[in-house]
Every structure is written in C-alpha cells, then in structure tokens.
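Please read the structure below before turning to the comments.
Nothing in this text is a laboratory measurement; each read-out follows from the coordinates by a stated rule. A quick note: this is a predicted structure, and the numbers were derived from the prediction, not measured. Note that each Cβ is placed from the backbone with ideal geometry, even for glycine, and that neighbours are counted across all protein chains shown.
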Amino acid sequence: MTLDLFGTSDLHGSVLQFDYVDMAATQGPALVQLAKTLKEARAKTANSMLFDNGDLIQGTAFADTLVANRQAGLNMHSFLGLCGYDAATLGNHDLDYGPDVLDDLIDTASCPYVCANIVEGDFKHPPQFIILPRTVTCHDGQNHELKIGVTGCLPQQSQYWSQLQMGRNFELSDPVSATRRAVANMKRAGADICIVLAHSGYIADPAPEEPANFARSISQLADVNAVFAGHIHRAFSQDQTADGDAATVMPGCNASHLGHISLTLVKTDDAWSVTSGTAEAIGSISFHTGDTDIFNTAQNTHRLTLARMNARLGQTRFAMSSFFAQVAPNSASQFVHNAQQAHLSSLLEGTEFQGLPLISAVALARVGGEEGSKNYSFLPAGPINLHNIHDIYRYENQFCAMILTGAQIYGWLEQSASCFHQITPHETDQPLLNPRVPAYDYDTFDGIDYEIDLTQPAAFDHLGNAVIAPEDRKRIKSITYKGQPISADQRFALATSGFRRNRAPNAPCIEAGMSNRDVLIQYLTQRQVVDPTPIQNWKFSPIKRASAVFKSSPLAVTASKLPTAVSYVGPSQKGFALYRIRFDA
C-alpha cells in the first residue's frame, strides 16, 4: 500500500501573486498557484494526506489585514480549508501577534493543531499529538483501517524571540526530547505510522546542528516514518535511509514548493510497517489563472490591503536604501535608529532609567542573502506610504528597551561583527561576509562610536557560540559615547526588538506594547518630514593594502551613492553584483 503525504511550510500569508511592498502583481509563487499543483498531485494518488508545518499567518501585508479583521471570520485557514489539510503545527512567527490571535487561530482552524514542546503559556495549548484514523486502499483494491499519528514542534528559542508578544511565562521545552516522548506515546496509543511536523531546518552537513535546525535529529528518532521540516526557507528532500532515518522534505517558503513523501507500507500479522519512503520538493507550477476558489475568497482582503498600504504617512528628504547596510552606516538603518531612540526617550520618562544614555540597535532584513538579489530596500526622496515602512521593516517584532552595561554592549557588538571573515593585510579581494551567518544577525548601533578591526578573529561562530574568551576579544575597538570611552559598568538604555532579548536575557527590559514597525509609523506621522542622513558613527579599522569583496544589488550603482572606499566590480551570480571595499591605511 502506498500513502502519499503532502505538506507546506512557511507560507507566511502568501495567498495571491501580488507584492504589497512594490505594490505590483508578480509571477512568483503563492498559495493560489500551489493549490492547483497540489490538487493535480493528489488526483494521481489513491491515499493522500496534507499538512502545514507552521509560519502560516505572518509575513505579508495581506496576512496583517486578515489578523486585523479576523472578527469578520476570514483567516489563513479559510484558504487552507479549501485545500483539505489534515493537521498543522505552529512556527515561531505564528506567535508574533500574541496569545489572543493564537487562540483564534487554533479555535477556527480548518484542521487540528499539534505541538509537543509547549510547556507553559497563556493561550490554548494544542495537543502534543493526535491519532487520525483513515481508510486506505491497497494495491489489490482492498480497504484497510490505518491509524496515523501526527505530532509537531518548533524551536525552543521561540520562547525568547516571542516573549514580549506571548508573555513572560511562555515556555518551550527541547523539541527533540519532546518529540521522542510524543512518538512513544503515539505508538502506545495505537499509531501505525508516525509523522512529525518539525518547524526546523534540516542541515545535511555532518557538523553539529544549529539550535533551531534540529530536523535531522528528528528524522533519526525511533518509530518516526516521515518528517516535514522548514523554518530556513529552503527546498530539500531526503529519502528514507538504510540506517533508518525517516524520509524528510523541506518545501521552501511562500508557497514555492509542495513537499511530497511517499511511504510504502506492508501489513504483517496485523501490524503495518514502512518498507520505503521517498521524498521530493515539487516546485509550484505557474498556471494562467490559479485556483479560482482561493482567488475569489481573497479579493475583499486584497482590496482592503491595497487601500491600507497606499496610505500616505509622510515624506523623506533623503533616499533610503539597504544596499550597503552591512558595510557602512546607511539611510534605512538611520531612519529606524532615529525612530527607536525617539520612542525610547519618551518611554523612559518618569522611570528610574530616565537620564541614561540612549542608544539603538538595528538589523535590517532586506539585505540580499538567500532570498536573492531583489531582497533590498530602496525608497527615493519624497513620499512615504505604509508599504514603504513594510519594505524597510519587514517583521512584526515588538519594540523593547533593554538596560545594558558597557561590557554587555561590547559583547553584543563582538557577536554582531562575527558575520565578517578575518581579513589579512596585503591581500586583495578577500571574501568579506560569512555566508553561514544570517544577515539579520548583524546589528549596527547608533548613539555610540566604534570601529571593527577585521584583522582580529571573530569571537563567535556562525551558531552564536563564543569561541574566544571575553578578555581576549579584540575585533571591536574604540567604543566611545560623546567622545569619551565607555566603561564596563556604565549603564545604557538600548532600543531594540524583542527578537534580540537572547543577546542579554537577564538584562532589565521595558516593554512598550508596540511593534517596531508601529514605532516607525508613529515617528513619521508625528514629524511628517524626516531626514535619515546616515551618521558616520562606525567604520572598519584601516588594514594595509587589503580589500574584500561582497555582493549587493546591481541597482545600487545607479540608485544610490556608493559609500567611501566601495567600488563596483561587475556582475555576479544569481542576479547579484560584486562590490569591493578597500581597507587601505
């Protein structure tokens, strides 16, 4: 008997082929297209099931509109219900809107939710697992009853990333241990096969797994027959191995792929066993019209989203871009810094922290990377609409103020600067950025001045683990506040997002009850005209006769002024352009 399992992951509210940042229709992936691919694939199978692996409800302006108008009875599961999903789990971004929205999601879902590693939280916890009875048809035409166990999990780090939204008592356990227990309980409950929806990346590299990417370990657990993975927005598949690792698939993101796992089962002595499992990530086929039911259901939300995103908020005197955000102070980061520090100042009024030096940390998300050469922000001088704010600040992070010491700031900067390769003097065109470090892990600071000495080794590895003792770290140097060196015990108030709380988890934190995006909107609407001219408060230390190369958008050559010491080299792979930065003393 063959059982075909299909799955999606990291849909992020991508329902229609429309870019609500550029405000234009696209030919890119969306659920309206993937649904047709899915229905064609399921029509070819006798026995099939469909699952979602989380990060469903957040990620586009369309998704934000659904959440804002959820009382109208329409949400992302209104579209999943048209496809016939059997079960789903939570991703870390499904927590971004807080417990009330999460309760609504679980209550109104078109299929049951499961999650094995939720320990505590002020919301309705989905069960750790479910047993789904299904009637299946064997190759001989005979029908049989099959009990299918399904569990799920998400990264334990989500309890820090989403603590401001979910509350201080929100707690998750180790996902691998929790899944092991859930699978054992499913087998005791009579499950014939066990499926895991792991909102986590599968890293094929034999090196140790990253903390949030544990899907390989899940696939190696006893009695696991199929794993749907995700989180890292990649397409990948791994067949069942001779060593017993379960078939695993990662179906990309934003409806780019459909995950497919085909299990062959045989029944012996009233017990089912899986003899083989194959996996594939099927690329979404572009149809002329897409799925009619999904398209029609989405139209009212689409119109509301267009009206909301076209709302005029103010204007900027200076063009904003993220083309060179990782190599020099830039205008898009400066706009966010200015807004965050303004809000921080008002937030601290009347508190014991009023009067502390105010600083800001910002990491832009649209800086190329794995999401491609078009993943950059650019806004010319002139009007700013809401869709421009979504361009500059992509995620629904919650604003927070952290009270840090000079020593903690120094450690934070050392970790951020670990995204760069070590540079050797007297060598040219060395690679600048470590591709294993996500761009969103690099924070720039405003309110202090500092240098980054790339002749010194990185103090942290790509997983964020310290590899150099604090007393031996030398990449960050010359940190000053208003011209004076900062001391290790000097206190500062830092404006940042809740996503960064794990950089100093024990530091005092003041919650604002606002998203960082709302902070930008408030700042702009109050001032109407802004001037985010970059403040040159950080730089790379001089290195004799050395240069490095990095990738950015080819549009940067004509759309913005290149930073000092940066020059255009030429076209690069996958639509990028190559640039050179000189460190000459």
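Can you flag which of Lys374/Lys561; Lys539/Lys561; Lys187/Lys267; Lys39/Lys374; Lys44/Lys267 are past 27 Å Cα-Cα?
Numbers: Lys374/Lys561 18 Å; Lys539/Lys561 17 Å; Lys187/Lys267 16 Å; Lys39/Lys374 31 Å; Lys44/Lys267 23 Å.
In this structure, Lys39/Lys374 lie more than 27 Å apart at Cα.
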Problem set entry | Point-to-point label distance, Thr289-Thr480, nm (Cα→Cβ direction, 7 Å offset) | 6.8
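Averaging sequence separations of C-alpha pairs under 8 Å and six or more residues apart, then dividing by the length of the range 348-444, give the relative contact order as a whole percent.
35
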Seminar exercise, completed: Surpassing 31 Å at the alpha-carbon level, of the pairs Lys474/Lys551; Lys36/Lys574; Lys482/Lys551, are Lys482/Lys551
Exercise. How would you rank 263-272, 344-353, 387-396, 8-17, highest first, on the average number of other Cβ atoms within 10 Å across their residues?
Worked result: 8-17, 387-396, 344-353, 263-272
For this session: Taking the Cβ of Gly406 as the centre, find all other residues whose Cβ is under 11 Å away and add up their charges (Lys, Arg: +1; Asp, Glu: -1).
Result: 0
Seminar exercise, completed: Across 10 Å bins beginning at 0, the whole-percent shares of Cα-Cα pair distances in the range 433-527 come to 11, 35, 38, 14, 2
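At a Förster distance of 45 Å, what's the computed FRET efficiency of Ala407 paired with Asn185, Cβ-Cβ distance as r, to 0.05? Show your work: numbers first, answer last.
Numbers: r = 45 Å, r/R0 = 1.01.
Once the sixth-power term is evaluated, E becomes 0.50.
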Seminar exercise, completed: Simple SL model, points at 7 angstrom along Cα→Cβ for Gln27 and Ala559; separation in nm is 2.0
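What value, in deg cm²/dmol to 500, does the helix sum -39500 (n - 2.57) over DSSP H runs of n ≥ 4 give at 222 nm once divided by the residues of the chain?
On the way: 14 runs with 133 residues, N = 585.
Rounded to the nearest 500, it is -6500 deg cm²/dmol.
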For this session: Mind computing the radius of gyration and Dmax over the alpha-carbon atoms of the range 189-240? Å is fine for both.
Result: 11.4, 36
Exercise. Distance in nm between label sites at Tyr568 and Asp223, each 7 Å beyond Cα in the beta-carbon direction?
Worked result: 6.1
Exercise. What is the sum of charges around Leu347, taking Lys and Arg as +1, Asp and Glu as -1, for the other residues whose C-beta is under 14 Å from the C-beta of Leu347?
Worked result: -4
Problem set entry | Alpha-carbon centroid distance for the pair the range 299-342 / the range 384-409, whole angstrom | 12
For this session: Principal axes first, then extents: for the Cα atoms of the range 180-281, list largest minus smallest coordinate on each axis, whole Å, largest first.
Result: 41, 25, 24
Exercise. Between the range 30-68 and the range 149-176, what is the C-alpha centre distance in whole Å?
Worked result: 23
Exercise. Per the Cauchy relation, a quarter of the hull surface: what is the mean projected area of the convex hull of the alpha carbons in the range 1-54, in nm²?
Worked result: 4.2
For this session: Scan (1) 26.2; (2) 24.4; (3) 25.2 for the value of Kirkwood radius over Cα pairs in Å calculated from this model and give just the label.
Result: (3)
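Classify the range 66-119: rounded, prolate or oblate, from the alpha-carbon gyration tensor (a ≥ b ≥ c, eigenvalue square roots; a/c under 1.5 rounded; otherwise prolate if a/b is larger than b/c)?
On the way: a/c = 2.12, a/b = 1.11, b/c = 1.90.
Here the range 66-119 falls in the oblate category.
Take the eigenvalues of the Cα gyration tensor for the range 17-124, scale each by 5, and report the square roots as semi-axes in whole Å, largest first. Mind dumping the intermediate values first?
Working: eigenvalues 111, 87, 27 Å².
Gyration-tensor ellipsoid for the range 17-124: 24, 21, 12 Å.
What is the Cα radius of gyration of the range 318-363 over 2.2 N^0.38 Å, N being its residue count?
Against the compact-globule rule of thumb, the ratio is 1.38.
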Exercise. Dividing the alpha-carbon radius of gyration of the range 370-479 by 2.2 N^0.38 Å (N being the number of residues), what value is obtained?
Worked result: 1.27
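Are there any chymotrypsin sites (Phe, Trp or Tyr not before Pro) in the range 300-341 that are in a DSSP loop and have at most 11 other Cβ atoms within 10 Å? List them by number.
Values: sites: Phe318, Phe323, Phe324, Phe335; in loops: Phe318, Phe323, Phe324.
Within the range 300-341, no chymotrypsin sites (Phe, Trp or Tyr not before Pro) qualify (loop, at most 11 other Cβ atoms within 10 Å).
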